[in-house]
Every structure is written in C-alpha cells, then in structure tokens.
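J.: Here it is: the structure, laid out below.
Values quoted throughout were computed directly from the atomic coordinates according to the rules given, and no laboratory measurement underlies them. Computed from a predicted structure; not experimentally measured.
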Amino acid sequence: MSGDKSLLEQLPPEKLLDTRNTRVITPAIEMMEEVATVELYIEHERANRDRAGIIHHLTEQIDAIYEENGEIPLGEQDQEQEPEGEHGGANVSTDDVETVSSMSPPEELLAYIHDLESESDEEIASSPAPPTWDEL
C-alpha cells in the first residue's frame, strides 16, 4: 500500500475528485492498488459530486484489484456459491434461442478509422500532451 499511501498524501480524495479534469482523475484511479483506498475515493465522490462515470471507473478499479489478486469480489461470492437448479429461472434449450447476426460498422466509421490509420507519426506526435498533476 506504499503507492496508495503516497497517492493519498499527494492527491487526497477531496483534491483529486474536486477537479473536473477527468484526464487527471482516470490515471490516478488506475494507480490505486488497494480496495480500501479506492473505497475512500468512492465514498468522497458519492458524498460530493456523485458522477456516474467516475464512480464507474472506481468500481472497475476495485474489480481489477480483485482479479489481479485472484480474489472474488464480495457481491459475486454469493453468485458463485448458488447451487445449480435453485436460481428459479427457466431452463431454455439452445434450440429455442435465436441467433443474433453480427452488425457491421457503418461505412462512415470505417472510413474515419482508415483516415486515422493513414496519419503520419509526426501528426500524432504533435497532438496536445496530457495535463500534468500540477494542472489540478
């Protein structure tokens, strides 16, 4: 938790989450290594701004931490232990299920992606740099 301790000292929840710049918030969330730390930030966000996107990033980080540690999140433990046949749902045979055809992306989207691929590395390198931590 040494990384989390440093993060908490430099960017406590009230400082990090009171900014509107998600380009600063998202990388900081990805640096969090302990569930307890992420929960502090979730608690602050819910009590103050309650932005669904930020809460989503934080809960995804908790899931990533659990996955990295090979643990099962608390809410999913009950689902894992539920005996088969007691879930109360109807069993559906695969014969009764319709096959969903895959959709192809719109032509405009494919053309846009193709245009992006043809950009030179110099054009991409000249794009604006992400903000620094001091820009909070």
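J.: Please turn the phi angles of region 54-67 into ³J(HN,Hα) values with the Karplus equation 6.51 cos²θ - 1.76 cosθ + 1.60 (θ = phi - 60°), one per residue in order, whole Hz, x for glycine and proline.
T.: In residue order, the calculated couplings are 5, 4, 4, 4, 5, 5, 5, 5, 4, 4, 5, 5, 4, 5 Hz.
J.: Contour minus end-to-end for Glu67 and Glu30, with contour as 0.36 nm per residue of separation and end-to-end as the Cα-Cα distance? Each step should come with its number before you reach the end.
T.: Numbers: separation 37, 0.36 × 37 = 13.32 nm, distance 1.38 nm.
Gain on extension, Glu67 to Glu30, equals 11.9 nm.
J.: Contour minus end-to-end for Thr19 and Arg51, with contour as 0.36 nm per residue of separation and end-to-end as the Cα-Cα distance?
T.: Details: separation 32, 0.36 × 32 = 11.52 nm, distance 1.17 nm.
That works out to 10.3 nm of additional length.
J.: May I pose another question? How many percent of Cα pairs in region 2-73 exceed 17 Å? Before the final figure, lay out each step's value.
T.: Values: 898 of 2556 pairs.
More than 17 Å apart: 35 percent of the Cα pairs in region 2-73.
J.: Got the relative contact order for region 2-73 handy, in percent, Cα pairs under 8 Å and 6 or more residues apart? Spell out each step's value before the answer.
T.: On the way: 54 pairs, mean separation 22.1, N = 72.
Averaging sequence separation for qualifying contacts and normalising by length gives 31 percent for region 2-73.
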